[in-house]
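Below: the structure, in structure tokens.
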Amino acid sequence: MKPNPAMSSASCSLQPRPFWPSWLAGIALGLVLLLTFVWTGHGLGATGASTRLTAALAHGVAPAATEGNGYLGPLVKQGKPLASWISWQVLGVAIGALAAAWQAGRLRVQLDGEHSVGRGRRLLSALGGGVLAGYGARVAAGCTSGLGLSGAATLGVAAFVFLAVFFAVGIVASRLLRGV
């Protein structure tokens, strides 16, 4: 039986495109960071948007308690807590990532590590790690993007100390939690 050219071209389009070379992705990230500084006057970040979302949701459920909260109160007293540059930046990152994954043929839902440790343990590990990382980012007043990328781009000493500790702890944690 002769192969159908339409079928073979369709099957080729189902193959995901390769990832960018790391050097090209690094240059693109640097240009995006520079553009973000020029356009908004701020660097890259993410955790400020989740804090603002928390303030908006809490204000919808318990306005008086949220306004009286020393941490979330100032965000809701200024007006719309989501009307900030960082909220729009995170929304743009999410939309851009979705569009890029779709365009590259890599858009799918997956749970990495599920087969080796089980779905429940993997989900609990991811949730626990996310909560700890989010808490640490709020205590440090910045996430890896804000402190690591933007701080290092402005030659902040704290950023370089953070990056060294971040990678050292990552290496130790990966050795201790191998397979999780």
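The values are calculated or read from the model by the stated rules, or taken from the named source; none is laboratory data. Predicted, not measured: the structure shown is a model, and the values here were computed from it. Here the Cβ positions follow ideal geometry from the backbone for every residue, glycine too, while neighbour counts run over all protein chains shown. The area values use the complete protein model at the heavy-atom level, side chains included, leaving out ligands, DNA and RNA. Shrake-Rupley method; radii C 1.70, N 1.55, O 1.52, S 1.80 Å.
Counting only protein heavy atoms and a 1.4 Å probe, tell me what percentage of the chain's accessible area is made up of carbon and sulfur.
72 percent
For the chain, find the longest principal axis of its Cα atoms and tell me its angle to the long axis of helix 22-40, 0 to 90°, nearest 10.
Taking the Cα atoms of the chain, the angle to 22-40 is about 40 degrees.
With a sphere of radius 15 Å drawn around the Cβ of S84, what net charge do the other residues whose Cβ falls strictly inside it have (Lys, Arg +1; Asp, Glu -1)?
Numbers: positive: R52, K77, K80; negative: none.
So the environment of S84 carries a net charge of +3.
Quote the convex hull volume per residue of the chain, based on C-alpha atoms, as a whole number of Å³.
Hull volume normalised by residue count: 209 Å³.
Please give the helix 157-176 orientation as an angle from the longest Cα principal axis of the chain, in degrees from 0 to 90, rounded to the nearest 10.
With both axes taken from Cα atoms, the answer is about 60 degrees.
Any chance you could give the angle, 0 to 90 degrees and rounded to 10, that helix 47-61 forms with the longest Cα principal axis of the chain?
Between helix and principal axis, roughly 70 degrees.
Set Lys and Arg Cβ to +1 and Asp and Glu Cβ to -1, take the dipole of the chain about its Cα centre, and tell me which of A158, L127, G45 lies farthest positive.
So the residue we want is L127.
Whenever you get a sec, line up W23, W85 from highest to lowest accessible area (probe 1.4 Å, protein heavy atoms).
W23, W85
How large is the dipole of segment 36-180 about the Cα centre if only Lys and Arg carry +1 and Asp and Glu carry -1, each at its Cβ, rounded to the nearest 20 debye?
300 debye
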